[in-house]
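Quick notes on the structure that follows.
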């Protein structure tokens, strides 16, 4: 449900609004930035931590650029949403193929030893928190609010 809220909070936004920064101390906290962040968090937990795949393609692991996954200026929101939907589908396939007590295969990071159960609980919390951020940003942008 939280994933669906992420999608819903983006409906009808203009390209300018999707990339508009409203919080002076958090200039990357845009709708587009949050959607990109959520895509890469899905990748991090299920492909990298659980499956043990290399983190090299994931900007969350970019040691040179802080918040690299949120730097999406010029990337259309529709593209970011499609990438998020695709990543969620990959995550769902991985989840379906594992038991809740299976542990991650990523040995380069301490979090890689977590169980799938823990990862799922963490992702529910993470997605809900950022859906809340999207709710606030959307209301600041155009007054849009509501829970489904």
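The values are calculated or read from the model by the stated rules, or taken from the named source; none is laboratory data. The structure displayed is predicted, hence computed values, not measured ones. Counting neighbours? That spans all protein chains shown, and the Cβs are built from the backbone with ideal geometry, glycine included.
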task: Go over the candidates 7, 2 one by one and state the one that is in contact (Cβ under 8 Å) with a residue 60 or more places away in the chain, buried (at least 16 other Cβ atoms within 10 Å of the Cβ) and within 18 Å of residue 132 (Cα to Cα).
output: 2
- prompt: Do we have residue 41 as buried (at least 18 other Cβ atoms within 10 Å of the Cβ), closer than 17 Å to residue 111 by Cα and within 15 Å of the chain's Cα centre (by Cα) here?
  reply: yes
message: Suppose the filter is within 19 Å of the chain's Cα centre (by Cα), farther than 21 Å from residue 34 by Cβ, surrounded by 19 or more Cβ atoms within 10 Å (Cβ to Cβ) and at pLDDT 95 or above; does residue 80 pass it?
response: no
- prompt: Of the residues 141, 134, which is more than 10 Å from the chain's Cα centre (by Cα), closer than 18 Å to residue 3 by Cα and in a helix (DSSP H, G or I)?
  reply: 134
Selection from the stretch 79-105 of residues that are touching a residue at least 24 places away in the same chain (Cβ under 8 Å) and over 11 Å from residue 50 (Cα atoms): 80, 81, 83, 84, 85, 87, 88, 90
query: Among (1) assigned to a loop (DSSP other than H, G, I, E, B); (2) farther than 24 Å from residue 8 by Cβ; (3) modelled with pLDDT under 95, which single condition is residue 112 missing?
result: (1)
